[in-house]
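Asker: One structure is given below, represented as structure tokens, and several questions about it will come after.
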Amino acid sequence: MLTETAEIAQIKTSLLTDSYGRVHDYLRISLTDRCNLRCTYCMPSEDMQFALHSTLMTADEIYSIAKTFVKLGVKKIRLTGGEPLVRKDARKIIELLSELPVELTLTTNATKTNDFIEDFNKAGIKSVNVSLDTFDKEKFFAITRRNDFDTVLENIHQLIANNFHVKLNLVAMEGVNDGELIDFVKFTKNHPVHVRFIEFMPFPGNDWKREKVFTYIEMLERIRENFEVEKLYDEKNSTAKKYKVSGHAGTFAFINTVTLPFCGDCNRLRLTADGKIKNCLFSKGEIDLLTPYRNGGEIEELIFKSLKDKKEQTGGQDFSVPTKNRSMIAIGG
Ligand code: SAM
Ligand code: SF4
């Protein structure tokens, strides 16, 4: 028998159910499409047009729109971008969102986390996802086109020392960082970090080719040649397939979007920095919530419409032809 509160919570949750029965309780909010790095797989090498500031949600608009999602059943919010911490009012946004009854977390390149430790603690942020594609300083420069390797590594150690649950995201690319797989698994020996090998995904302008994808099967095979690995339990809605080397402090996982999409129990919705809802990372369409919100209109019906339009898998896109989408940096990963 459910308690009254649990029943109410269930009814609210079910409001964000799509036509395939998937309940959506996780919202990723992009704070900006700007970044202080220039990762080749994320930001188009040419013609990157950044959004005008006036078109971006303000801190108060982010709070208010997020509150509507929470009313409809969202229980977890991840801040992302672009780089969320380059936004001048990132501190204020974190503080405002921490008032909502959600698990608050973020994905960052860790170039600036050293300035935010206290803010994260105050906001109750316990888990931080950090992008790190290589342990090689020169390769870091080649990938990110910026020289911040030392800062990023130092800040990762600082997050660990401050007891954050740190997930390290690595975009695995053939001919770029495939040779470093084993080093990343070795890093989990004495560091309680959770490495996630992400298959390189196609977005406009990122020069994606099937041959560049270092697949989950290839990665697992390579790791098994070097270590005794055990499979760990994957929670419902988890995008990552988790493993561990016995005796290691940390774990590793694969995010197999390209070779084995995990859309069956997807619970995620996305809000771009300019206030458009995307029902999937790969959705071709998006619905503007910010303009109606600014005009004093109702946004709940628009959220439901977006859910109703959600496709069964990878936004209805087929990776064998060029995808129609924003660039990753303009969506919010
Ligand atoms: N700036 C933050 C960061 O780098 O963590 C947050 C935004 S970034 C777009 C979010 C995540 O998307 C990062 O972990 C990044 O590695 C991942 N990502 C970007 N482009 C990708 C691609 N083409 N394939 C797979 N993952 C990608
Ligand atoms: Fe910036 Fe993150 Fe994209 Fe790299 S992956 S360019 S750090 S937004």
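Asker: What number of residues within region 283-322 are surrounded by 18 or more Cβ atoms within 10 Å (Cβ to Cβ), touching a residue at least 60 places away in the same chain (Cβ under 8 Å) and assigned to a loop (DSSP other than H, G, I, E, B)?
Answerer: 3
Asker: Just to verify a result, which residue in region 71-81, among those that are within 12 Å of R28 (Cα to Cα) and in a loop (DSSP other than H, G, I, E, B), is nearest to ligand 1 (Cβ to nearest atom)?
Answerer: G81
Asker: While we're here: Among the residues of region 170-178, is any away from ligand 2 (no atom under 16 Å from the Cβ), of a type in the set (D, E) and closer than 23 Å to K242 by Cα?
Answerer: The answer is yes; a qualifying residue exists.
Asker: Now a separate question. Report whether or not T113 is polar (S, T, N, Q) and touching a Leu at 6+ places or on another chain (Cβ under 7 Å).
Answerer: yes
Asker: Any residue in region 130-148 that is under 30 Å from I217 (Cβ atoms), aliphatic (A, V, I, L, M), within 16 Å of ligand 1 (Cβ to nearest atom) and in a helix (DSSP H, G or I)?
Answerer: yes
Asker: Of the numbered conditions (1) of a type outside the set (K, R); (2) closer than 21 Å to R78 by Cα; (3) surrounded by fewer than 21 Cβ atoms within 10 Å (Cβ to Cβ), P204 satisfies every one except a single condition; which is it?
Answerer: (2)
Asker: Hey, another quick one. May I ask you to list the residues in region 33-67 that are of a type outside the set (A, V, I, L, M), touching a residue at least 40 places away in the same chain (Cβ under 8 Å) and within 21 Å of L100 (Cα to Cα)?
Answerer: Correct list: E61, S64.
Asker: Oh, and also: Answer yes or no as to whether L100 is within 13 Å of ligand 2 (Cβ to nearest atom), over 23 Å from F197 (Cβ atoms) and not in a strand (DSSP E or B).
Answerer: It is false that L100 is within 13 Å of ligand 2 (Cβ to nearest atom), over 23 Å from F197 (Cβ atoms) and not in a strand (DSSP E or B).
Yes/no matrix, rows are residues, columns are (1) closer than 23 Å to S64 by Cα; (2) within 19 Å of the chain's Cα centre (by Cα):
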{"position": "D288", "(1), (2)": "yes, no"}
{"position": "L302", "(1), (2)": "yes, no"}
{"position": "D309", "(1), (2)": "no, no"}
{"position": "Q313", "(1), (2)": "no, yes"}
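Asker: Quick one: which residue in G250, G264, G285 is at negative phi and touching a Pro at 6+ places or on another chain (Cβ under 8 Å)?
Answerer: G250
Asker: If you check every pair at least six apart or on different chains, which have Cβ atoms under 7 Å apart with a residue in region 180-208 that is more than 29 Å from S327 (Cβ to Cβ) and part of a helix (DSSP H, G or I) first and a residue that is more than 7 Å from ligand 1 (Cβ to nearest atom) and of a type outside the set (A, V, I, L, M, F, W, C) second?
Answerer: From region 180-208, the pairs are I182/N226; T188/H248; T188/G250; T188/T251; K189/H248.
Asker: D234 fails exactly one of the following numbered conditions: (1) part of a loop (DSSP other than H, G, I, E, B); (2) in contact (Cβ under 8 Å) with a residue 24 or more places away in the chain; (3) more than 27 Å from L37 (Cα to Cα). What is the number of that condition?
Answerer: Condition (2) is where D234 drops out.
Each reported figure results from applying straightforward, stated rules to the coordinates on display, with no laboratory input. Model, not experiment: these values are computed from the prediction. We place every Cβ from the backbone using ideal geometry, glycine too, and count neighbours over all the protein chains shown.
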